[in-house]
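Peer 1: The structure's right below; bear with me while I get my questions together.
The values are calculated or read from the model by the stated rules, or taken from the named source; none is laboratory data. Everything quoted here is computed from the prediction, not taken from an experiment. Positions of Cβ are generated from backbone atoms using ideal geometry, with glycine treated the same way; all protein chains shown enter the neighbour counts.
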Amino acid sequence: MMDVAEILRALDRTARAMLPTAVIVVVMVLLALPGLLPAATDLRAGFVMSSVFFWTIYRPAALPAPVVALIGVLLGLLGDVPLGIWSVLLLLEQAIAGMSRRVLLRQGFMLVWLAFSGCVLAVVSLEWLARMLLSFTALPLMPTVLEFTLSVLIYPLVVVPLARAHAGPAAPEQA
C-alpha cells in the first residue's frame, strides 16, 4: 500500500507531465473567446505551433504524438479549418522538429527561431493549400502571410515562459 508521501509524489509527477498540454489547451481556449484579440485565430495557431516546436526540441516526452493530434483536433474545432487538417500539420511540424532536435539543441536562440520560421512557413503553406483543395476555390494568400508573420513574431513571447516552465515547475527532474 502506498503511503501519503508516495501518492503526493505521484500526483506531482503527473502534474509536471501534464503542464505543457494544460497550458496549450488553456491558452487556446482563452484565445477562442470572442472579442479578446482582433487576430486571435492567427495568434492561437502561432501559439500552438510555437509550443509544439519548443516542447519537441527541449522535452519531446512532454507532448507525445497522440496528444499533439488531439491538440490539432481542438485547434480545428476552435477555428474555421476542416477537422483533421491541424492534427496532420502539427504532427508534421513535430516530426520536422524531432528530426532537427539534435542539431537545434546545440544552437543559439536566433538559429532555433530561424528553424521555427522555416517550419512555420511549411505548415501554413500546407494549410493554405489543403484549405484551397478542400474548398475547390482559390483562396487569398494574405491571411496565410499574416498567420505566418504573427506566428514568427510571437515565438519569443511564447518561448520565454515555456523555457522558464521547462526549467522550473514543469521540470521532471524537480520531482
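Peer 1: Of the numbered conditions (1) in contact (Cβ under 8 Å) with a residue 24 or more places away in the chain; (2) over 17 Å from PHE116 (Cα atoms), LEU91 fails exactly one; give the number of that condition.
Peer 2: Only one criterion is unmet by LEU91, namely (2).
Peer 1: Hey, can you tell me all the residues within segment 116-151 that are within 26 Å of PRO64 (Cβ to Cβ), in contact (Cβ under 8 Å) with a residue 24 or more places away in the chain and of a type outside the set (Asp, Glu)?
Peer 2: PHE116, SER117, CYS119, VAL120, LEU121, ALA122, VAL123, VAL124, LEU126, ALA130, SER151
Peer 1: Ok, one more. Read through the list (1) touching a residue at least 24 places away in the same chain (Cβ under 8 Å); (2) within 30 Å of ARG102 (Cβ to Cβ), then give the number of the only condition that ASP80 fails.
Peer 2: Only one criterion is unmet by ASP80, namely (2).
Listed here are the residues, each with its yes/no results for (1) polar (S, T, N, Q); (2) at positive phi; (3) touching a Gly at 6+ places or on another chain (Cβ under 7 Å); (4) modelled with pLDDT under 95.
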{"residue": "SER51", "(1), (2), (3), (4)": "yes, no, no, no"}
{"residue": "PHE54", "(1), (2), (3), (4)": "no, no, no, no"}
{"residue": "LEU83", "(1), (2), (3), (4)": "no, no, yes, yes"}
{"residue": "SER87", "(1), (2), (3), (4)": "yes, no, yes, no"}
{"residue": "VAL120", "(1), (2), (3), (4)": "no, no, no, no"}
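Peer 1: Considering only residues of segment 92-129 that are buried (at least 17 other Cβ atoms within 10 Å of the Cβ) and over 22 Å from VAL160 (Cα atoms), which is farthest from the chain's Cα centre (by Cα)?
Peer 2: TRP128
Peer 1: So how many residues does segment 8-49 have that are of a type in the set (Val, Ile, Thr) and more than 13 Å from the chain's Cα centre (by Cα)?
Peer 2: Looking only at that region, the number is 3.
Peer 1: Suppose we filter TRP86, TRP113 for residues that are farther than 15 Å from PRO156 by Cα and hydrophobic (A, V, I, L, M, F, W, C); which single one remains?
Peer 2: Just one listed residue meets the conditions, TRP86.
Peer 1: Which of the residues belonging to segment 2-47 are small (Gly, Ala, Ser) and either surrounded by fewer than 18 Cβ atoms within 10 Å (Cβ to Cβ) or touching a residue at least 40 places away in the same chain (Cβ under 8 Å) (or both)?
Peer 2: Listed by number, the residues that qualify are ALA5, ALA10, ALA15, ALA17, ALA22, ALA32, GLY35, ALA39, ALA45, GLY46.
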